[in-house]
Amino acid sequence: MRMLLIEDHPALAEAVASALVKAGFAVDNAYSANSALAMHQAASYDLVLLDLGLPDGNGLDLLPSLSANGQTPIVVLTARDQLSERLAGLDSGADDYIVKPVEMPELIARCRAILRRPGKRINKVLTYGLLAFDTSTRTATVGDIPLPLGQREIGVLEQLMRAQGQVLSREALEASVYSFDDEVGPNALEAAISRLRRALKPTDCELTIVTIRGVGWMLIKEQKR
């Protein structure tokens, strides 16, 4: 899942982004209102973390533009702790209002809870045949057997499981798995898919990743012979 972090304090932004990446998110950092709007126009995000005290404006003024007509959840993450400010944030359209400092496990858990709400994009456990993927723990299992995967393979698997039998283009996969700051080689996605294929092959999940030349990839059930 891809997240936009809008935070003007570099050290804090780096710490929050690092924790989110370890939790399985792809994170883009924006340090100002203008850069946040530019990133939001250039990419599709599953959730936005928004600081209010930005160098070029009030974060609350960004809410209408960032929410994408209410489809993109927004979590305010700010040091402003007055009741009137918390109410203003929630009444302006924020899905949650978190006061700094916050423990990273709690922040991650609250983001995931918002993404699991009805109408949002995430379910706690994705299943396809015997393959299951827990979005909270970022782990995959076939039956009760853990599937050892790296972070990139986990990101690709999640998107393919969400599509279940539908083709995902290179652009869609890269946009979901990588952030703007990630160093992505020309064959990085193919390498991650190849590693994922090798991990799935010896299991009993009966799923395979097929390449649709010139279009993308899809996860399907193997045809029994």
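The values are calculated or read from the model by the stated rules, or taken from the named source; none is laboratory data. All of these numbers come straight from a predicted model, not from anything done at the bench. Counting neighbours? That spans all protein chains shown, and the Cβs are built from the backbone with ideal geometry, glycine included. Accessible surface is based on the protein model in full, side chains and every heavy atom, while ligands, DNA and RNA are left aside. Shrake-Rupley method; radii C 1.70, N 1.55, O 1.52, S 1.80 Å.
So what is the 222 nm mean residue ellipticity for the chain from helices alone, if each DSSP H run of at least 4 adds -39500 (n - 2.57) and you divide by all residues, rounding to the nearest 500 deg cm²/dmol? Please report the intermediate quantities before stating the final value.
Working: 8 runs with 82 residues, N = 225.
It lands at -11000 deg cm²/dmol.
Within the chain, how many Lys pairs that are eight or more residues apart, or on different chains, come under 28 Å at the alpha-carbon?
Count of close lysine pairs: 11.
Report the full-extension gain for the segment L130 to N187: residue separation times 0.36 nm, less the Cα-Cα distance, to one decimal in nm.
Numbers: separation 57, 0.36 × 57 = 20.52 nm, distance 2.93 nm.
Difference between extended and current length: 17.6 nm.
How far apart, in nm, are two points set 7 Å out from the Cα along the Cα-to-Cβ line at E206 and at A15?
Between E206 and A15, the simple spin-label model gives 5.0 nm.
Ranked highest first by average number of other Cβ atoms within 10 Å, how do 167-175, 127-135, 180-188 line up? Each step should come with its number before you reach the end.
Details: 167-175: 15.1, 127-135: 17.2, 180-188: 10.8.
So the order, starting with the most tightly packed, is 127-135, 167-175, 180-188.
How large is the accessible surface of E206 in square angstrom, using a 1.4 angstrom probe and rounding to the nearest 10?
For E206, solvent-accessible area is about 90 Å².
Gap in Å between the Cα centre of the range 185-225 and the Cα centre of the range 43-119?
36 Å
Which sequence of L12, L126, L87 reflects their accessible areas, 1.4 Å probe, from the largest down?
Working: L12 55, L126 15, L87 85 Å².
Of L12, L126, L87, the descending order of accessible area is L87, L12, L126.
Per-residue accessible area for V215 at 1.4 Å probe radius, Å² rounded to 10?
Here the accessible area works out near 80 Å².
If I compute solvent accessible area with a 1.4 Å probe over the protein chains, what percent of it on the range 120-213 is carbon and sulfur?
Details: 2510 of 5010 Å².
Carbon and sulfur atoms account for 50 percent of the accessible area of the range 120-213.
Per-residue counts of other Cβ atoms within 10 Å, averaged by peptide: what ranking do you get for 196-204, 100-108, highest first? Present the calculation step by step, with values, prior to reporting the outcome.
Numbers: 196-204: 14.9, 100-108: 13.2.
The most tightly packed comes first, giving 196-204, 100-108.
Give the Debye-formula value of log10 I(q)/I(0) at each listed q (0.08, 0.12, 0.14, 0.15 Å⁻¹), with one equal scatterer per alpha carbon of the chain, two decimals each.
For the chain, the Cα-only Debye profile gives -0.31, -0.68, -0.88, -0.99.
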